[in-house]
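**Q** Structure below; questions to follow.
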Amino acid sequence: MSEEKEKISSRYDFWTPFYDAVDNFPLFSRYQRGWKKKAVKHLHASDGDRILDVGTGTGQLLPWISKEFEKGSVIGSDISEKMVEKARTKVDGTDDLKIEVVQDDIEDSSFPSDHFDKIIATFAFTTFPNVDKAASECARILKPDGKMIVLDTGKPEKTHANILFYPMMVSAKIFGRTHMDREIKKELSEYFEVKTLEKNMLGMVYTLKCKLRSD
């Protein structure tokens with residue numbers, strides 16, 4: 001594991017005990033949970049699907065995804081060992097719907113090619129050290145007719161919103177090694193056909209639907 005990945009993994013290992021508390025902080029959790037639940041709905045999960053929640057963190061999305069269908073499998077993956085341990089406490093699988101959490105580096109994934117019907121990534125691509133490698137691996141492990149839903153952050157569309165954006169961006173880099181100023185849609189476009197589904201917070205939060213490029 002590279003030095004940068006070690007730092008990210010260690011940072012999130014450290015934050016694991018506090019992660020859910022921050023995620024549920026009343027000031028912004030209502031909006032984040034709403035955006036995430038809409039992203040899950042955009043998956044349109046159906047019986048027989050194999051779905052990956054990449055960068056699952058403490059596994060907040062896993063129960064939400066599992067409620068969308070009855071037969072298939074849901075896998076949450078994360079590079080942080082402590083996050084994976086925490087996420088495993090939230091899964092409750094049945095004989096027909098298998099739910100599990102694994103430690104995996106999405107930039108060099110252990111999953112086989114053409115493995116998943118659907119992938120979801122919420123506030124993850126702004127955290128991966130190498131977006132190109134992560135996008136390439138997601139394209140590799142996604143089935144040719146599969147799709148990926150990405151919920152993430154970016155620069156605001158209106159310049160007057162920078163007064164809000166830049167303090168958030170600096171804070172995210174310090175505490176989570178998160179790069180809110182990345183152009184994720186552009187990065188993903190090398191491997192996927194990308195469609196914007198939703199925009200929130202003056203364009204600082206967006207949801208993307210990604211399908212493998214046919215050319």
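Throughout, read-outs are computed from the coordinates displayed, never taken from laboratory work. Computed from a prediction, not measured in an experiment: that's the story for all the values here. When we count neighbours, we look across all protein chains shown, and the Cβ atoms used for this are built from the backbone with ideal geometry, even at glycine.
**Q** Exceeding 21 Å between C-alpha atoms, which entries from my cross-link table qualify? They are Lys98/Lys195; Lys41/Lys147; Lys98/Lys209; Lys37/Lys67; Lys37/Lys133; Lys90/Lys133.
**A** Where the Cα-Cα span goes over 21 Å, the pairs concerned are Lys98/Lys195; Lys98/Lys209; Lys37/Lys133; Lys90/Lys133.
**Q** Got a sec to turn the phi values of segment 101-117 into Karplus ³J(HN,Hα) couplings, 6.51 cos²θ - 1.76 cosθ + 1.60 with θ = phi - 60°, whole Hz, x for Gly and Pro?
**A** 10, 10, 8, 7, 9, 5, 7, 8, 6, 8, 6, x, 5, 6, 9, 10, 7
**Q** How many nm separate the modelled label positions at Asp215 and Glu190, each set 7 Å beyond the Cα in the direction of the Cβ?
**A** 1.6 nm
**Q** Would you mind computing, in nm to one decimal, how far apart the modelled labels at Ser136 and Leu202 are, each placed 7 Å from Cα along Cα→Cβ?
**A** 3.6 nm
**Q** What does the highest-first list of 58-66, 133-141 look like by mean Cβ count within 10 Å?
**A** 58-66, 133-141
**Q** Cβ under 13 Å from Leu164's Cβ, Leu164 left aside: what net charge do those residues give with Lys, Arg +1 and Asp, Glu -1?
**A** +1
**Q** May I pose another question? Taking all pairs of different Cα atoms in segment 127-215, averaging 1/r and flipping that mean, what Kirkwood radius in angstroms comes out?
**A** Result for segment 127-215, one decimal place: 13.9 Å.
**Q** If you don't mind, another one. Given H placed 1.01 Å from N in the peptide plane, which residues other than close sequence neighbours of Phe116 have an amide H under 5 Å from its amide H?
**A** Leu142, Lys143
**Q** Next question, about the same structure. Sorting Tyr31, Tyr206 on the 10 Å Cβ count, fewest up front, what's the list?
**A** Tyr31, Tyr206
**Q** A further question on this structure: Once phi is turned into ³J(HN,Hα) by the Karplus curve 6.51 cos²θ - 1.76 cosθ + 1.60 with θ = phi - 60°, what whole-Hz value does each residue of segment 128-142 show in order, with x for glycine and proline?
**A** For segment 128-142, the Karplus curve yields 4, x, 10, 4, 4, 5, 5, 5, 4, 5, 4, 5, 5, 8, 8 Hz.
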